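Below: the structure, in structure tokens.
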Amino acid sequence: MIDILHTKSGITKFQILTEVAAHQPVVRQKEIADKVGITPQAVSEYIKELAAEGFISSEGRARYRITKIGVEWVLKNAAEMKRYASFVMEEIISHVSTWTAIAEDDLHKGDAVYLKMRDGLLYVSNRNVTNATGITIDDVKCGEDVGVTNLHGLIDLENASITVCKIPRIERGGSKNVDLDRLRTLAESKSYIAVIGAESVIALKRIGISPNVMFGAKESVIEAAFHGLSSLVVSIDEEVPSLLSRLENDGLEYELIDLSI
């Protein structure tokens, strides 16, 4: 089997195979080509090779499925890539990159500090012990921003929860057909609220709550989750499928609640 980290073709095969797995059984070669950055003709040739190697099976014109052997190959190489990425982050990038954090103590240049994430922001202290450590690059007062380099260890993140509330579009009643009591309970339990659709804005307005995000909600809640921040997304029903697809593609768990009445 090809070691994908050692050959360009191996990396391309890995990308194409994961795209086949994501969109099987209907595989649109032009879409894969656009995503991978090669020509549709090249995609066609790679698919022939993958089929010949037993990684995918053909079910007719433009219909393919990844095989058990293909799945095992993807998992093996994904694990290798993860180990390599971990090496890059831990041994290389952490020594040359500077992270911005908020000081919880008065600190001096060269202090060894501990890092933690809280409410989506990175904080450092020389007293509160955590699993992640670094070195400050300047003198700062408590509450100021400070650069931290030479990161070691993993930053502990809270398990972020995402609650998606589905409400009807205006043709089906809009904010007038929303269970406002339940929406209020859910909104009060989250510190980060995003909305999709004007109906969602008005539904929250009717219970006296303003959203944190009105545009780019899908990207925003994903970024918030990766920073350990739980969120509530109030969305019109027709936008929910694409939102859930984005969350699933990023491996994020969610709870879906229908607030229509």
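Laboratory data are not the source of any read-out in this text; all were calculated from the coordinates shown. Since the structure is predicted, the reported quantities are computational estimates derived from the model, not experimental observations. When we count neighbours, we look across all protein chains shown, and the Cβ atoms used for this are built from the backbone with ideal geometry, even at glycine.
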Exercise. What lysines sit close enough to LYS68 to cross-link, taking a C-alpha to C-alpha distance under 19 Å and skipping anything fewer than 8 places away on the same chain?
Worked result: LYS13, LYS48, LYS76
For this session: Mind telling me which of VAL129, VAL113, VAL146 comes out most flexible in a GNM of the chain, alpha-carbon contacts under 10 Å?
Result: VAL129
Exercise. For the stretch 147-255, what's the relative contact order in percent, using C-alpha pairs closer than 8 Å and at least 6 residues apart?
Worked result: 39
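Below 8 Å, C-alpha to C-alpha, sequence gap of six or more: please give me the relative contact order for the stretch 8-91 in percent.
On the way: 76 pairs, mean separation 23.9, N = 84.
Once divided by the residue count of the stretch 8-91, the mean separation gives 29 percent.
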Problem set entry | For THR130, residues with placed amide H under 5 Å, excluding near neighbours | LEU115
Problem set entry | Test item: Cα-centred dipole of the chain, Lys/Arg +1 and Asp/Glu -1 on Cβ, debye | 900
Seminar exercise, completed: Final fewest-first order of MET81, MET117 on the 10 Å Cβ neighbour count is MET81, MET117
For this session: Using the Karplus curve 6.51 cos²θ - 1.76 cosθ + 1.60 with θ = phi - 60°, work out ³J(HN,Hα) for each residue of the stretch 144-154 in order, rounded to whole Hz, and write x for Gly and Pro.
Result: 8, 7, 9, x, 10, 10, 6, 6, 9, x, 10
Exercise. Within straight cross-link reach of LYS141, meaning Cα distance under 17 Å, which aspartates and glutamates are found once same-chain residues fewer than 8 apart are removed?
Worked result: GLU104, ASP105, ASP106, ASP111
Exercise. Which of the lysines could a cross-linker span from LYS190 if the Cα-Cα distance has to be under 30 Å and same-chain partners fewer than 8 positions apart are dropped?
Worked result: LYS116, LYS166, LYS176, LYS205, LYS218
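Using square roots of five times the C-alpha gyration tensor eigenvalues, list the equivalent-ellipsoid semi-axes of the stretch 97-152 in whole Å, biggest first.
On the way: eigenvalues 37, 31, 23 Å².
For the stretch 97-152, the semi-axes come out at 14, 12, 11 Å.
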Exercise. Calculated from the structure, percent of Cα pairs over 36 Å apart equals which of (1) 7; (2) 38; (3) 15?
Worked result: (2)
Exercise. Between the stretch 23-61 and the stretch 213-261, how many Å separate their Cα centres?
Worked result: 31
Exercise. Mean shadow of the stretch 125-241, computed from the convex hull of its alpha carbons, in nm²?
Worked result: 9.4
Exercise. What residue among GLY134, GLY147, GLY37 has the largest mean-square fluctuation in a Gaussian network model of the chain, using Cα springs under 10 Å?
Worked result: GLY37
Problem set entry | Fraction of antiparallel bridges per DSSP, the chain only, in percent to nearest 5 | 55
Exercise. Given charges of +1 on the Cβ of Lys and Arg and -1 on the Cβ of Asp and Glu, with all other atoms neutral, how large is the dipole of the stretch 162-258 about its Cα centre, in debye to the nearest 20?
Worked result: 400
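Taking only C-alpha pairs under 8 Å that are 6+ residues apart, what is the relative contact order of the chain in percent? Before the final figure, lay out each step's value.
Details: 455 pairs, mean separation 37.6, N = 261.
Contact order relative to length: 14 percent.
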For this session: Work through the residues other than GLU171 whose Cβ is under 13 Å from its Cβ and net out their charges, Lys, Arg +1 and Asp, Glu -1.
Result: 0
